[in-house]
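Written out below as structure tokens is the structure these notes cover.
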Amino acid sequence: MLTLILTVLPSILILSYVILSDRFREPTASIITVFFLGYLITLPAGFLNNLIIFQNEELNLIFLAGLTEESLKLLALFLFIKEKKHFNEPMDGIVYGVLISLGFATYENYGYVYYLSYEYGMSPFELATVRSISAIPMHGFCGIIMGYYFGQYIFKGDTSNLAKCWIIPMFIHGMYNFLAGIDFPSAILFLVIAGVYSYLLLHEVIRRQTLKEIEDEKKII
């Protein structure tokens, strides 16, 4: 039971923080739907990763998971989120980006913990513990960054933000995987930097949102 809690709790905590940071909450139905959309992305991601990465075991290509997985997440944002009527402010990009990313990460984590742990020389509980402070936050940070720049692109129309919402999460994900494969402490340090960066982006959106509310209230008065 404790292993299962460690497997899903980190995602729930990050999601709760981001969702509750949104002053204009998204509908519960949309939150659940988009989370499971991220869950479904694991199917094509697993196929692509197996085709590109794991069929070439003589090469260490695990960093390419950043390309396949982040590309699929961004594609999902474009195909299923962009036109949603509730997607009406930049903060929503972060909310939906994190939902897709952690929907993906939660199912992926379950597979690693319960089916692949002994391949890593760990018990399910040990691997759940390690991933709770590493891979899950990494997916969350990538979701925040992707969602931030996606929201900026949609509502401001700057195409440079479109490139950032794909390239930066892909780089962070790929670099984390690469470092984790050769030097796990360095991967954690890199993850801390990515976490600070994503937090600053989230904080900036919340600050702008608050200022907009104050300005709107002044107009009413």
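The values are calculated or read from the model by the stated rules, or taken from the named source; none is laboratory data. Given the structure is predicted, the values throughout are model-derived calculations rather than measurements. Glycine gets a Cβ as well: all are built from the backbone with ideal geometry, and neighbour counts include every protein chain shown. Calculation scope for accessible area: heavy atoms of the full protein, side chains included, ligands and nucleic acids excluded. Shrake-Rupley method; radii C 1.70, N 1.55, O 1.52, S 1.80 Å.
Before moving on, here are some points about what is shown:
- Unique residue being open to solvent by less than 40 Å² (accessible area, probe 1.4 Å) and either within 25 Å of Glu126 (Cα to Cα) or not in a helix (DSSP H, G or I) (or both) when the list is Ser30, Ser16, Ser11: Ser11
- Listed by first and then second residue, the pairs linking a residue in the range 198-216 that is surrounded by 11 or more Cβ atoms within 10 Å (Cβ to Cβ) to a residue that is of a type in the set (Gly, Ala, Ser), with Cβ atoms under 7 Å apart and 6 or more places separating them unless they lie on different chains, are Leu202/Ser21; Ile206/Ser21.
- Pairs, first under 14 Å from Ile41 (Cα atoms) in the range 53-82, second open to solvent by 60 Å² or more (accessible area, probe 1.4 Å) and modelled with pLDDT of 95 or more, C-beta under 6 Å, six or more apart: Leu74/Trp166
- Of the numbered criteria (1) touching a Cys at 6+ places or on another chain (Cβ under 9 Å); (2) over 21 Å from Trp166 (Cβ atoms), the one Thr129 fails is (1).
- Subset of the range 160-183 (residues that are in contact with a Ser or Thr (Cβ under 8 Å, 6 or more places away or on another chain) and open to solvent by 60 Å² or more (accessible area, probe 1.4 Å)): Trp166
- Across the range 73-102, the qualifying residues are those that are among the basic types (Lys, Arg) and farther than 16 Å from Phe24 by Cα, and the one among them that is surrounded by the most Cβ atoms within 10 Å (Cβ to Cβ) is Lys73.
- Checking the range 36-56 against the condition returns a match, with at least one residue being over 27 Å from Phe150 (Cβ atoms), part of a helix (DSSP H, G or I) and open to solvent by 10 Å² or more (accessible area, probe 1.4 Å).
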